[in-house]
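These notes concern the structure reproduced below.
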Amino acid sequence: MSNNSLTQHRPTLEEILRDYPWSSLEKHLDDLKERVDKSIAKTNELRARYREELLSQNPDIRKGIKRPSQESLENSEKLLMTGTVAASDGTISQVPLLGGSKIQVGVIIVFNKGQVVDFVTKIFEAEITKDSGKAIDYFQNLRGTRKISNLLARAIMLFGERKLLLEQNADWRMLHGEIMPHELRTGAGNPAKNLGLAFQIVEGYINSEQFIAVSEASDDIDILNAAILLEPGEYFVVKTLTDVLNLFLNGDPDTGQSQANFINKDKQRFRSFIQAVGEKVSIVLAKASNKPFLLECHSNRIEEAVALFMADSLWTKGFPSDGSTFTIRGFPYHIDLADQIARTLLKGSDFQSFVESRLFEVGIESGIFEIDPRKTRS
């Protein structure tokens, strides 16, 4: 699709306010239901019309839309009954203090042993600060530490989710999010030393072949177009990891995406990594129900991966594996369960409250000095 076809008029503030003027609350509520219902009906009509239009104008697209075979779906159901499928998800709690950041990362790994589902919990706790020996150096380091702590903390969680899951004995593994998310692609602020660890994790999954990484959202216009074409139970191979990582590395002037902020040596390392593994991972758009999701899987295991995605999203919840419109989410049970356990056992607010209570236990001056003053408002 050309960039010209994507060019659209950007309305001005004056135009928007002219077409949608301010109104009183009473008038706004009078026909709110009718207006919302009209918008929903229009969206549904456009989705159906554009699906047929795109398919009729591009017959090759229809050939690319597939469904897992009945045999693949039955094999996935059998795997969920007799094999081991593992999934991970994590939570992070970061307490910003004037002296640095106290972080707690929790990772939950859910796995089934036949029909029995179990889980393990892993906790990481750290303090992102450093005693440099001199006051002036300490406060200079502190400024940089507070700046990168958010990126570093998320990188620790994402790396932990992937590494701990890879170490878990399983026939298939499911990740929540991309196999190599942004925080790991950037090297968490130190690409010279951290990119190697990220490369190793991705290579580990590729060597295992039997993995799925499931993402819940995309703002890619081509992917959104493809999502219109799919019915529940269908999938479409969108691109490969090569495309994703090249876009990250080189940027795209047309969309305004900047290129990776790497020195030449790290850029070359990243390019070599893309050449080695990029085509081995496929990006697949799939619908178990009405909501599309992006899957990353081994290029030699696409049908198996999609079949397992369908079975875990539907069959485990009592729906047929070949697609259903009767479930709202259509998302893998194992990943959802890991997320629910993580949010229940490892609430970020609990850790934050504990740290703050200890600050005040040490002394009122310490507590008031360290805690964000906005939290002391009455």
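The values are calculated or read from the model by the stated rules, or taken from the named source; none is laboratory data. What you are looking at is a predicted structure, and each value in this text was computed from that prediction instead of being measured. We place every Cβ from the backbone using ideal geometry, glycine too, and count neighbours over all the protein chains shown.
For the stretch 244-265, state whether one or more residues are surrounded by fewer than 20 Cβ atoms within 10 Å (Cβ to Cβ), in contact with a Phe, Trp or Tyr (Cβ under 8 Å, 6 or more places away or on another chain), among the aromatic types (Phe, Trp, Tyr) and modelled with pLDDT under 95.
Yes: one or more hits.
Does Leu241 satisfy the criteria of being modelled with pLDDT of 95 or more, of a type outside the set (Val, Ile, Thr) and under 18 Å from Glu183 (Cα atoms)?
Taking the combined requirement at face value, the residue satisfies it.
One line per residue, one yes/no per condition, for (1) over 30 Å from Leu230 (Cα atoms); (2) in a helix (DSSP H, G or I):
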| position | (1), (2) |
| --- | --- |
| Leu17 | yes, yes |
| Trp22 | yes, no |
| Glu26 | yes, yes |
| Arg35 | no, yes |
| Lys38 | no, yes |
| Arg49 | no, yes |
| Glu52 | no, yes |
| Ser56 | no, yes |
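Whether any residue in the stretch 87-107 is under 30 Å from Phe351 (Cβ atoms), hydrophobic (A, V, I, L, M, F, W, C), at pLDDT below 85 and surrounded by fewer than 15 Cβ atoms within 10 Å (Cβ to Cβ) is what I want to check.
Yes; the residues of the stretch 87-107 include at least one that is under 30 Å from Phe351 (Cβ atoms), hydrophobic (A, V, I, L, M, F, W, C), at pLDDT below 85 and surrounded by fewer than 15 Cβ atoms within 10 Å (Cβ to Cβ).
Could you go through the stretch 168-181 and let me know if any residue there is in a helix (DSSP H, G or I) and at pLDDT below 95.
No - not one qualifying residue is present in the stretch 168-181.
What is the residue count in the stretch 309-359 for residues that are surrounded by fewer than 16 Cβ atoms within 10 Å (Cβ to Cβ), under 27 Å from Arg67 (Cβ atoms) and out of contact with any helix residue (DSSP H, G or I) (no Cβ under 8 Å at 6 or more places or on another chain)?
5
List the residue pairs whose Cβ atoms are under 9 Å apart, where the first residue sits in the stretch 53-76 and is among the acidic types (Asp, Glu), the second is part of a loop (DSSP other than H, G, I, E, B), and the two are 6 or more positions apart or on different chains.
Glu74/Ser321
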